[in-house]
Amino acid sequence: MNRIYLVIVLVIVINYGLSYIQIREIKNTLANIKRSNLDKYVSVGKDRKIFKKGSIAIVVAEKTGMIREVYMMKGRSILAKFTRVEGLDGLMVNEAVEITEENSIRDALEYIINEKNRG
């Protein structure tokens, strides 16, 4: 019985450690992107899944609404890294939200649209 408790505690500790590494990667990437785009909108969107691969997107857009950069991290493991998403650069956020199929990117774009509308 004690071995079961030990295994459970070990799994929880390993999960915590791996989650910490992934959160640190997200935080560092976001900080670097924000630092180099101070005069632009930088938005984060997420699509959380329990048993499937989730995704996190970072969208950088000009104050006019033109998309400059889109990054996405997709996967279940700590090995997932942010990669540049091609095809949305140069589009307006209103256009891109209509054509994108990724929920995390759509979430980030909708945040930028709301911020633009607020003034």
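Each reported figure results from applying straightforward, stated rules to the coordinates on display, with no laboratory input. A quick note: this is a predicted structure, and the numbers were derived from the prediction, not measured. Cβ atoms come from the backbone with ideal geometry, glycine included; neighbour counts cover every protein chain shown.
Over the range 2-118, the ratio between the Cα radius of gyration and 2.2 N^0.38 Å evaluates to 1.26. With a threshold of 23 Å on the Cα-Cα distance, the over-threshold entries among LYS49/LYS81; LYS74/LYS116; LYS53/LYS116 are LYS74/LYS116; LYS53/LYS116. Once each of the trypsin sites (Lys or Arg not before Pro) sitting in a DSSP loop with at most 14 other beta-carbon atoms within 10 Å is removed, the chain keeps 1-47 as its longest stretch. Under the simplified labelling scheme, the SER19-GLU98 pair shows an inter-label distance of 4.0 nm, with each label point 7 Å from Cα along Cα→Cβ. For the range 50-119, chymotrypsin sites (Phe, Trp or Tyr not before Pro) meeting the loop criterion (DSSP other than H, G, I, E, B) and having at most 12 other Cβ atoms within 10 Å: PHE51.
Within the range 1-86, the GluC sites (Glu not before Pro) that combine a DSSP coil assignment with at most 12 other C-beta atoms in a 10 angstrom radius are GLU86.
Our helix-only sum for the chain, with -39,500 (n - 2.57) per DSSP H run of n ≥ 4 divided by its residues, gives a mean residue ellipticity at 222 nm of -16500 deg cm²/dmol.
Between MET1 and PHE51, the contour length at 0.36 nm per residue exceeds the Cα-Cα span by 15.2 nm.
Here the chain is assigned +1 on the Cβ of each Lys and Arg and -1 on the Cβ of each Asp and Glu. Its dipole about the Cα centre then comes out at about 660 debye. Each semi-axis of the equivalent ellipsoid for the range 1-48 is √(5λ) with λ an eigenvalue of the Cα gyration tensor; in descending order they amount to 37, 11, 4 Å. Relative to the current alpha-carbon distance between LYS116 and SER77, full extension at 0.36 nm per residue lengthens the span by 10.6 nm.
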